[in-house]
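Below is one structure, written out as structure tokens; the observations come after it.
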Amino acid sequence: MTGRPDDASRFVPPALAAATSIPASAADAGTEVPVLLQGVRDRRHLNVLTDAVGRIPGVGAVATLGYERPDAPVLAVSGIGPAALAGEIRSRLGAAVASCRRVDGRVEVVLADAATVSGRPRAPREAPPRRPPPAAGAPGTRTGPPTGAGARAPFRPWTIPTVGTPWAQPAPAAAPSAAAGPAPAADRGTATAADPAHALDAFDAEDDLSILVYDRGLVVRAAHGGLLARTPRGREGLVGRHLDEVLPPATYAGLAERAAAALRGRGGELDVHSATGDRHYRITVNPVHDGADVVGCMSVTRDVTAQHRDAGLLRELSDVFETTFDRSPAGQALLSPDGRWLRLNDALRRLLGRDEDGLLGASLFDVTAAEDGARERDLLQQVLTGTADGYELEKRFVDPSGGSVHAFVRMSPVRAADGAVRGFVAHVVDAARWRPAGD
């Protein structure tokens with residue numbers, strides 16, 4: 001399989017060239033049958049699927065022609081017709097296939113989000129592969145492991161696998177120098193500079209964040225983030241322990257439920273607070289993939305106390321605004337940029353002699369005297385173009401009977417961050433109350 005690397009960690013599949021232009025007649029003749037696989041996760045997944053197709057009786061060769069999308073490679077399968085091939089794929093891949101059909105001489109397969117990616121169903125993995133237990137007293141082991149049917153397996157060091165990035169490729173290793181001698185054998189228990197475990201060290205300086213990586217048995221394999229420094233055990237005291245040993249019961253119950261969903265491929269969120277109730281945290285849980293397999297979970301915890309406090313303050317201020325707006329003795333209204341009524345308080349409705357249903361969505365100028373409308377349109381346009389930052393005027397509204405209501409109006413714009421007018425706040429006062437007697 002070929003492609004071009006655009007950085008050290010991401011593989012860019014080649015564009016589909018002639019694969020989609022293979023004539024249906026050629027496929028029907030038995031030379032090659034194009035097979036489109038939709039929903040391929042990564043290279044390992046594709047290799048397993050290719051091997052499964054190659055084991056179908058009668059198949060001569062299987063090759064990759066190209067890609068219609070990064071997750072949709074096209075295989076060329078020889079030695080068997082499209083009808084028989086589609087039936088064999090459905091039979092062999094079973095629950096891993098959502099649909100399989102013939103379309104214009106080729107076979108199109110849509111893969112399901114399932115645990116079967118080989119030629120036969122595979123039992124769910126309950127834990128990542130384990131190597132033989134380390135010697136007693138070795139780092140990362142527990143002395144005197146518990147025994148019995150319900151005992152947990154002892155902790156063993158674990159390198160964090162790739163976290164579900166499609167088409168991820170390892171960075172090329174530097175050639176060893178002659179003086180350095182032969183390179184040591186790969187060890188899954190040792191983190192390297194290219195390992196995600198090493199990259200996670202950068203989060204230790206983040207005081208409001210923590211990251212826990214744990215296996216399918218909910219045993220912590222890695223702990224990072226400055227937020228963990230607030231815990232009694234610290235970062236180092238968490239690794240190797242089960243989640244129910246390091247989390248409060250209520251937090252553990254919620255996190256275990258979301259971890260179970262993540263192990264099935266679905267992430268989730270959980271909001272919790274400290275024992276004293278003065279700190280608030282949001283936990284995001286996502287699956288950790290080793291190729292096509294989900295081998296554990298990663299939970300990212302953020303301190304959202306400030307956001308929680310701000311949200312509460314915003315709710316309080318909103319309540320204050322509602323009360324001030326609705327109960328103000330002066331008329332108040334919210335209008336759109338083009339002058340349509342969006343909301344009016346009770347004082348303004350009484351002044352205009354109209355109910356809200358009759359005004360909402362209507363134009364300000366529908367209830368403005370014609371002689372004053374042209375002048376106010378000009379003032380409104382000046383605000384919209386930025387030459388004025390609001391206006392005041394004395395004008396006449398028209399009541400339902402056709403009579404005039406004299407009022408003082410102050411119109412203030414509500415602007416977005418870029419300065420554009422998002423709407424207007426109008427303050428309206430009955431001029432008869434403020435005009436000196438005899439005028």
Single residue of the stretch 67-87 satisfying the filter (part of a loop (DSSP other than H, G, I, E, B) and within 32 Å of the chain's Cα centre (by Cα)) that is modelled with the lowest pLDDT: Pro70
Conditions (1) of a type in the set (A, V, I, L, M); (2) modelled with pLDDT under 85; (3) surrounded by fewer than 17 Cβ atoms within 10 Å (Cβ to Cβ): number failed by Ala63: (2)
Exclusive hit being in a helix (DSSP H, G or I) and touching a residue at least 12 places away in the same chain (Cβ under 8 Å), set Asp244, Asp278: Asp244
Some residue of the stretch 227-240 being surrounded by 13 or more Cβ atoms within 10 Å (Cβ to Cβ), modelled with pLDDT of 90 or more and of a type in the set (Lys, Arg): no
Residue in the stretch 17-31 that is surrounded by 19 or more Cβ atoms within 10 Å (Cβ to Cβ) and either of a type in the set (Ser, Thr, Tyr) or modelled with pLDDT of 85 or more (or both) present: no
Given (1) touching a residue at least 12 places away in the same chain (Cβ under 8 Å); (2) under 37 Å from the mean Cα position of the chain (by Cα), index of the condition Leu352 fails: (2)
Every residue from the stretch 271-300 that is out of contact with any Leu (no Cβ under 6 Å at 6 or more places or on another chain) and farther than 30 Å from Leu46 by Cβ: Asp271, Val272, His273, Ser274, Ala275, Thr276, Gly277, Asp278, Arg279, His280, Tyr281, Arg282
Candidates Pro329, Pro287, Pro337, filtered to the one that is in contact (Cβ under 8 Å) with a residue 40 or more places away in the chain, of a type outside the set (A, V, I, L, M) and in the same structural domain as Leu380 (by TED's automatic domain parsing): Pro337
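Here's the yes/no breakdown for (1) in a helix (DSSP H, G or I); (2) of a type in the set (Gly, Ala, Ser); (3) modelled with pLDDT of 90 or more:
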| residue | (1), (2), (3) |
| --- | --- |
| Arg349 | yes, no, yes |
| Asp372 | yes, no, yes |
| Glu376 | yes, no, yes |
| Ala407 | no, yes, yes |
| Pro413 | no, no, yes |
| Val425 | no, no, yes |
| Val428 | no, no, yes |
| Arg433 | yes, no, no |
| Asp439 | no, no, no |
Lone qualifier among Val285, Val272, Val246 - being among the hydrophobic types (A, V, I, L, M, F, W, C), surrounded by 14 or more Cβ atoms within 10 Å (Cβ to Cβ) and under 22 Å from Gly312 (Cα atoms): Val272
Filter result for Ala199 (at pLDDT below 90 and either over 24 Å from Ala306 (Cβ atoms) or surrounded by 13 or more Cβ atoms within 10 Å (Cβ to Cβ) (or both)): yes
Qualifying residue in the stretch 396-416 (condition: among the acidic types (Asp, Glu) and loosely packed, with under 13 Cβ neighbours inside 10 Å): no
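The values are calculated or read from the model by the stated rules, or taken from the named source; none is laboratory data. Everything numeric in this text was worked out from a predicted model, so none of it was measured. Don't worry about glycine lacking a Cβ; one is built from the backbone with ideal geometry, like all the others, and counts go over all protein chains shown.
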